[in-house]
Structure formats: C-alpha cells, structure tokens
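I have placed the structure first, in the form of structure tokens, so that the comments after it can refer back to it.
Derivation of every value follows stated rules applied to the coordinates shown; laboratory data play no part. In this text, all values refer to a predicted model and were calculated from it rather than measured experimentally. Positions of Cβ are generated from backbone atoms using ideal geometry, with glycine treated the same way; all protein chains shown enter the neighbour counts.
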C-alpha cells in the first residue's frame, strides 16, 4: 500500500480520474483496504461494512468532478464520506443518538486504520496453504475442523498453519514499523 | 513448533471470534498474536472487493463516453502539431503520404495559382472596358437657367376652308390661353358667349397693325378671307392661329407664339426635365479602340414628353452616334410648359462617352 501522504502521483491519479472516470479504478485499488478497515470497525456486521464501503466509493465516483485538491490525502476525503454515511446510518437506526468521537475524527487517516488496512496485502503474500486457512478461519468464520476436512489434513496441521500464518504476519507488521 | 502454542492460539482465536475476552493464562506469544487475529477479523472478502470494483467500473463507463468525446476534442485541438503530414519523412509516427495524393495536391495548387494570375491579368487588360460601359449625358441647354426673354419662337395657322387666300390684316393680341380664334369674316354674327379673339403668345410681343383683322404676312389685302386653312383662325395652316403654321400662334411655326419653327428654350419657356434617362452603351468598336468622345444630338421634346426628330449635330464616330441616339430615344421628359400648356421644344443634348 502506498504512503498516505499526498504526493504528486496521487494528485495525477485524481486528475486522470476526473478526466476519465475509468481511471477511478486505480484510486479504488489504492484506498479500498483503508476504507473497509475504517468502516468494518464501526459497524456490527460484515454485510453492513460491505454496503457502506460500496456506498462510499459510489459517492466518491459521482462527486469526483467536484473534488478540489486541498493538500489532504485522497483517503482522508474517502474516510470523511465514510464517517458521514456511518453517522447517518446510526441516526437512521436510532440505535445511538450521539455520534462516537472516533467517527468524527475522519479528516485524516487514523494510524490504526492504516495498520489494519495493510493486512489485506500481507495476507496475499502468505504461502498458499496459510493464506487459505486465514481466509476460511477469519473471513468465512470456519472452524479448524471444517478447514481440515476441506484440505484433507489433520486438525493439528491446520492449527500449525494458522499459528505460522499469524506469526509471519506479526513479524511483517513489526518489520514495517521498525 | 510447539503444538501447545498452536492449540492455545486456536483456543484464543475461537474465544475472540465468539466475542469473548482473552484469558490471562495464555503465554506472552499468544498475547502478541491475538491483535493480529483481531485485525484479520475485519479483512474484506476478496470476491466483494472484485465485485465492487466491477460495479464501479460499469458505473464509470457511463461517464467514459462523455470523457472520450471530450478527449477526442482535446486531441483534435492539439492535432496540428502531431498530425500535419511531413512530406518526406517516413519514420515511425510520421503521417503517411501517398505519392498520388501529393501529385494531385500539387496540381490543384498550381491550377489555383494559374487561375489567380490569369484573372488578375484579365482584369488589368480589360480594366477600361469593364468600368466604362457607362456614359454621361449632358443637355447643352442648361435646364436650370431662367428663361431668356428673346429667343423663343413658335407659330400658328388657321383658316376656315375658304377658297380665297387669307387677307392681310392685323393679328389679334397675344394672350394665354386662347378663348376664341381671330376671323376676317365673321360667320356667326350673334355668338352665345362673345369673346375677344386672341392668339397664344407673350402679351408684350408687337406685330404690324392694319385697319382690319387678317394675317399680317398675307400676300393679298383683299377681299377679306379667313384663308384656306382649317381649325379656325386665319391663314393656310391649322389650329386656330394666324398664318401658315400649326397651332394657336402667329407665323409659319407651330405650337403657339410667333417666329416660326418649334419653341426654343427661353422667353418664359423652361427646359423639359428628363424623368427617365437610361445610360447609353459603349459601341463595341469604341470599346476595343478605347475611344472616348461626345455626341451632340438635337431633339424635339414633344408636349407628351417623348423625344422625336433626333439628329446628330456633332458626330463622334466609332458607332457612338448610333448608341447615343438609341439611348436618348428611350428617354422620357416632363414637357416644357408655356403658362399651363405643355409645348414641344427643341433642345440639344450632349452625350459624353468617357473612359475612367
């Protein structure tokens, strides 16, 4: 994932997408993980996270012609849209009358969000069997036994794959922050 | 790999996924890995990521056509620098040039240049012809001058078909208009409305006086006769005047007044005014010779405003006399008037042919 600091490349991407909306895909790929990580922590279910993430990018695409470059990272603009949509959803559901402080602090890109967003890329770099176990276990919420049956391996072997995958991810995260 | 660590980690992850809290008895390694497991809990599904990307691209596609059109316009605007074909460059990126097209383009340009040169030469050679098919017409009689007191002329004549020639005598006084013609022999002794006989002419004109009424220019003094003419009056002419002329005047002329011939300008007679005067054409002979000159025509402008008896007084040759006569014959005038009566007058008209 690219640095969140606004740079010339990001600005060129934005200008290109404003002239040619098909170039929006590049902005989407660069910011999807951030937006999803930001939203997923603030809604109770994965389905809601999916819906809100989709709404954020749809609104961003339609509002891109009016986007004015003010030096803020593009991800900050997207998270601002996400904050607005999350707050509106909460108000609509009447589950919470007061907005959470974290939701309002959306002008920049929270460090925690940025760290979580990295995991999508790190998981892609795992060995295939570890990557499969991580996806089935954490995304699809399968049990170790189910995964073992799918792969035709023992429960112990799947637990070992899970342990090695998380250890690898921890080492990679630590190396990125050192 | 310690299998107990893997078991503990799975136990902790199961508790985490179930919404429980971490157990304090887990070893430090497990506590270090649990935040990783917590973050993995919020990973997006790869298929969702791909499907949303496809949706956005499809949505963006609706804008692409407009964007493509704008891009085409921008490209067209910058085209001169990149698409103007270099004539003799063949490397990659150069606009291809076909020999046949190049030859055709060259021929068309040569033809266009030749056309421009030829038309310019023709204009120079035919400069005078093109600009001088017009001519200026000037009447030698100055229409705007006041009438001269002495140059008028005219005449009249009459009679009542008598077998005897008109007898000499005094003409009646001039007046305008004429109420009744003069007679040497009174045929109606008791007219219903008696009136003084007069002839048409200027009242100040003086004619010879005789003891009785008659034609002052008659050869015989008697016996009294109104003469062999017609239309009343005295003489051998016609028209109620006195003499051998025509009209209500005195003398051999016509149209009234005295002195003979048609009226001329002056003596209270203003010039007729041309109301339709088409320009004459240059003759082909004069055009080729680039000849310029003037023609003076004599014409009688009748009381109906039509010119007649056109004749050339001063010739110019080269066919210009005929062209001038043809043009003036088509002219129409507001006729000259003596008093309230339109009268025929003789005028001279100068037709000038000039090369500008």
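Look at B:217, B:318, A:72, B:338 and count the other Cβ atoms within 10 Å of each Cβ; fewest to most, that gives A:72, B:217, B:318, B:338. Counting Cβ atoms of other protein chains within 10 Å of each residue's Cβ and taking the mean over peptide A:37-47 gives 2.
Sorted fewest first by neighbouring Cβ atoms within 10 angstrom, A:158, B:186, B:30, B:234 come out as B:186, B:30, A:158, B:234. With both labels modelled 7 Å from their Cα along Cα-to-Cβ, the residue A:70 to residue B:124 distance reads 7.3 nm. Each of B:246, B:209 was scored by other Cβ atoms within 10 Å of its Cβ. Arranged with the fewest first, they read B:209, B:246. Shielding of peptide B:52-59 by partners, expressed as the average count of other chain Cβ atoms within 10 Å per residue Cβ, is 5.
For the peptide A:136-142, the mean number of other protein chain Cβ atoms found within 10 angstrom of a residue's Cβ is 4.
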